[in-house]
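Here the structure is laid out as structure tokens; the discussion comes afterwards.
The values are calculated or read from the model by the stated rules, or taken from the named source; none is laboratory data. Source: prediction; values computed, not measured. Every residue, glycine as well, gets a Cβ built from its backbone with ideal geometry; the counts of neighbours run over all protein chains shown.
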Amino acid sequence: MKIATYNVNSINARLENLTTWLFEENPDIILLQEIKCDYNNFPFFDFRAIGYNILMLGQKSYNGVAVLSRYPMSLVCEGLPDFTDENARYIEVDISTPTEVWRLASIYLPNGNPPYNNVNDQTKYIYKLNWMDAFLSRAIKLEKLPQPVVLGGDFNVILTENDVYNPKAFVDNALFRKEVRQKLQVLQYYGYYDAFRILHKNENGYTFWNYTDKALVADFGMRIDYFFLNALAADKLLTCNVDKKTRQSVSPSDHAPLIAQFNISKIQEG
């Protein structure tokens with residue numbers, strides 16, 4: 001089973017790119033972030049026409065998350081439980097594979113940096129910290145489920161110095177501040193595994209490159225898109241790689257898809 005996570009940076013603006021990529025890669029499940037459209041403007045027909053079921057939580061012009069699946073799926077929750085949020089950043093589903101039911105979430109964690117016209121405004125950073133606390137509370141509960149759990153998406157966190165081209169340039173950035181990194185690292189203390197790092201200890205694994213200053217050519221990137229797996233999912237992991245070629249296409253997203261493959265015929269013993 002192939003699962004991808006992809007911040008598309010506007011699904012309607014990237015629709016041709018995305019559908020072409022889906023034909024080429026044929027993922028069974030794709031977690032999408034930053035779709036930037038509400039329900040009435042989501043291109044349901046285009047994805048249903050190529051065999052995907054769809055669940056989405058949209059928002060006009062901003063944010064928005066979705067799950068596309070070739071398997072049957074059901075909605076668990078829209079938004080983080082017990083957290084009031086006007087932004088569409090979290091959707092959680094159950095997906096019925098041929099062997100078992102998997103729990104997946106598509107996540108678009110807040111950026112947290114201040115607006116350019118008011119660099120002293122900490123409102124967005126406080127929102128990010130509060131959002132992360134609510135997410136961690138939910139993730140800890142999910143880790144205890146007796147089924148594979150995959151938390152995927154754009155986390156807007158650079159976990160370590162090895163995950164960005166120039167750590168010194170990001171010391172005060174909300175993606176790299178110490179307390180933000182510590183909060184995300186809590187996932188691993190509670191039994192989650194970073195899928196890419198399980199298989200690639202030293203590769204940079206960048207998933208984002210800014211549009212400006214030839215960042216892609218120079219590989220001035222950062223790793224901010226992740227799959228976090230509970231033990232039941234990690235036990236079935238086969239591969240996990242970044243598909244950089246999509247970032248090199250015409251009118252691309254500033255992110256590249258992260259793709260993981262799992263052995264769904266492998267049932268956990270015990």
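Can you run down the residue pairs with Cβ atoms below 6 Å, 6 or more apart or on separate chains, where the first is in the stretch 77-94 and more than 15 Å from Leu151 (Cα to Cα) and the partner is assigned to a strand (DSSP E or B)? Final answer for the pair search is Ala88/Leu57. Give the stretch 174-218 a look and list any residue that's touching a Gly at 6+ places or on another chain (Cβ under 9 Å), assigned to a loop (DSSP other than H, G, I, E, B) and over 29 Å from Asp235 (Cα atoms), or say none. Passing the criteria: Ala174, Leu175, Arg177, Asn210.
For the stretch 100-139, which residues satisfy the criterion of being assigned to a helix (DSSP H, G or I) and closer than 23 Å to Ile29 by Cα?
Phe135, Arg138, Ala139
For the stretch 217-270, filtered to residues that are of a type in the set (Ser, Thr, Tyr) and out of contact with any Ser or Thr (no Cβ under 7 Å at 6 or more places or on another chain), the residue that is surrounded by the most Cβ atoms within 10 Å (Cβ to Cβ) is Tyr226. Evaluation of Gly205 against the conditions (1) at positive phi; (2) surrounded by fewer than 19 Cβ atoms within 10 Å (Cβ to Cβ) shows that the sole unmet condition is (2). Residues in the stretch 219-244 that are part of a strand (DSSP E or B) and over 13 Å from the mean Cα position of the chain (by Cα): Gly221, Met222, Leu237, Leu238, Thr239, Cys240, Asn241.
For the stretch 215-235, indicate whether the set of residues that are within 20 Å of Asn111 (Cα to Cα) and at pLDDT below 95 is non-empty. Scanning the stretch 215-235, I find at least one residue that is within 20 Å of Asn111 (Cα to Cα) and at pLDDT below 95, so the answer is yes. The residues on offer are Ala49, Ala66, and the sole one that is within 18 Å of the chain's Cα centre (by Cα), of a type in the set (A, V, I, L, M, F, W, C) and either surrounded by fewer than 14 Cβ atoms within 10 Å (Cβ to Cβ) or under 25 Å from Gln261 (Cβ atoms) (or both) is Ala66.
Within the stretch 138-184, the residues that satisfy the criterion of being of a type in the set (Val, Ile, Thr) and over 16 Å from the mean Cα position of the chain (by Cα) are Ile140, Thr160, Val164, Val171, Val180. Pairs linking a residue in the stretch 1-26 that is aromatic (Phe, Trp, Tyr) to a residue that is buried (at least 23 other Cβ atoms within 10 Å of the Cβ) and in a loop (DSSP other than H, G, I, E, B), with Cβ atoms under 7 Å and 6 or more positions apart or on different chains, are Tyr6/Pro257.
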